[in-house]
Structure formats: structure tokens, C-alpha cells
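Some notes on the structure that comes next.
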Amino acid sequence: MLIRTTIRINVATLDRLTRASARMGQPIILIISSLLRRLAEDHDTLVNPWQRIKYQDRDIRENWRCYHLDLRPDEYEFFLDLRKLFKQSLSRLLVCAVIKYLDAMTGRLCNCLDNYRYRNYILSKIIIEGVICWVLYWGIPPALFNKSSGIVT
């Protein structure tokens with residue numbers, strides 16, 4: 001099941017993504033998802049607790065498009081996490097990722113795209129003495145994985 005959502009995207013950013021998609025022979029959604037996954041690696045500088053959500057800079061109405069995204073549930077949840085933790089709209093995060101990483105990504109010609117970007121994404125609920133704790137895993141820590149049995153401990 002895919003989850004449909006939309007973003008507001010500037011025509012210049014959409015044009016860059018469209019050209020990258022054609023050059024790489026990959027769908028735009030795969031490029032968007034890969035860019036945002038790469039951006040998540042900058043968590044040390046992007047996490048911004050106790051702030052309001054920041055949105056894209058203003059531009060004239062004609063320069064904006066509504067772009068539909070059909071996301072897998074794990075992608076959708078991951079994108080919500082990015083928005084919540086980085087305190088930026090998904091559209092703004094995408095622009096940041098395009099500026100920082102798109103040229104390098106297209107220069108490698110698809111070697112950085114992965115169909116299973118979120119295979120180790122886990123959202124876990126733990127209740128400790130009546131306190132609900134939500135734990136987000138953006139990967140599986142080696143200490144949690146028992147290699148001999150293949151079971152998470």
C-alpha cells in the first residue's frame with residue numbers, strides 16, 4: 001500500500017530533479033527518497049528541538065508546483081521523522097538535499113540509489129513504569145544484532 005502526499009516545490013528545483021531523473025534513468029521519487037535519506041546523515045547539524053517548523057523561502061505564485069508523492073509506509077514515516085526532528089517542512093528539506101547532494105548523486109550515476117533505503121528503519125514503543133517511550137532506529141546498531149542467530153536481541 002502506498003501513501004499519497006504532496007509537497008510544494010519550486011519550478012527550479014523540480015526542473016533539476018526532472019533532469020537528474022532523465023540522466024540517471026530513475027524515477028523522481030527514488031531520487032527524492034535517496035536525497036532525503038542522505039540528508040538524514042547530517043542529523044548532528046540539522047536536529048533543531050524546541051523550534052517552530054521552518055518553511056521554504058517565498059517566491060512568486062507562478063514559480064510553485066504541487067507535486068504528488070506516492071510513498072511506501074516506511075518512507076512516509078521516515079519523512080515525518082525528518083520533519084519533526086529537523087523542524088523543517090519536507091519541501092524545505094528536499095531543497096536543502098538537492099542543493100547539497102544532487103550534483104554528487106548524478107555524478108555517480110545511480111551507484112548511490114537503493115531500493116531498500118529504509119529496510120532497517122524501526123519505530124518501537126517501550127513502556128517503562130507507565131511512561132511511554134518512542135524509539136526511532138535509523139539503522140540497526142551492531143550491538144543489538146546477534147550475528148550467530150540472526151535475531152535482534
Check your understanding: Which residues, taken from region 46-89, are more than 23 Å from Y137 (Cα to Cα) and not in a strand (DSSP E or B)?
Key -> R52, Y55, Q56, D57, R58, D59, I60, R61, E62, N63
Review point. Do we find a residue being assigned to a loop (DSSP other than H, G, I, E, B) and within 16 Å of the chain's Cα centre (by Cα) anywhere in region 20-31?
Key: yes
Check your understanding: Given the conditions (1) exposed (fewer than 12 other Cβ atoms within 10 Å of the Cβ); (2) in contact (Cβ under 8 Å) with a residue 24 or more places away in the chain, which single one is not true for A22?
Key -> (2)
Check your understanding: Here is a list of conditions, (1) exposed (fewer than 12 other Cβ atoms within 10 Å of the Cβ); (2) in contact (Cβ under 8 Å) with a residue 40 or more places away in the chain; (3) part of a helix (DSSP H, G or I), and M1 meets all of them except one; can you say which number that is?
Key -> (3)
Practice item. Scan region 7-19 for residues that are within 12 Å of D59 (Cβ to Cβ), of a type in the set (V, I, T) and in a helix (DSSP H, G or I) and report the count. Key: 2
Exercise for review: Please list, ordered by first then second residue, the pairs with beta carbon atoms under 8 Å, 6 or more apart or interchain, first in region 124-153 and exposed (fewer than 10 other Cβ atoms within 10 Å of the Cβ) and among the basic types (K, R), second part of a strand (DSSP E or B) and modelled with pLDDT under 85.
Suggested key: K125/W134; K125/V135
Check your understanding: Does L35 qualify as being touching a Phe, Trp or Tyr at 6+ places or on another chain (Cβ under 6 Å), part of a helix (DSSP H, G or I), more than 20 Å from V135 (Cα to Cα) and not β-branched (V, I, T)?
Key -> yes
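The values are calculated or read from the model by the stated rules, or taken from the named source; none is laboratory data. These numbers come from a predicted model, not from an experiment. Using ideal geometry, Cβ is built from the backbone for each residue, glycine included, and neighbour counts are taken over all protein chains shown.
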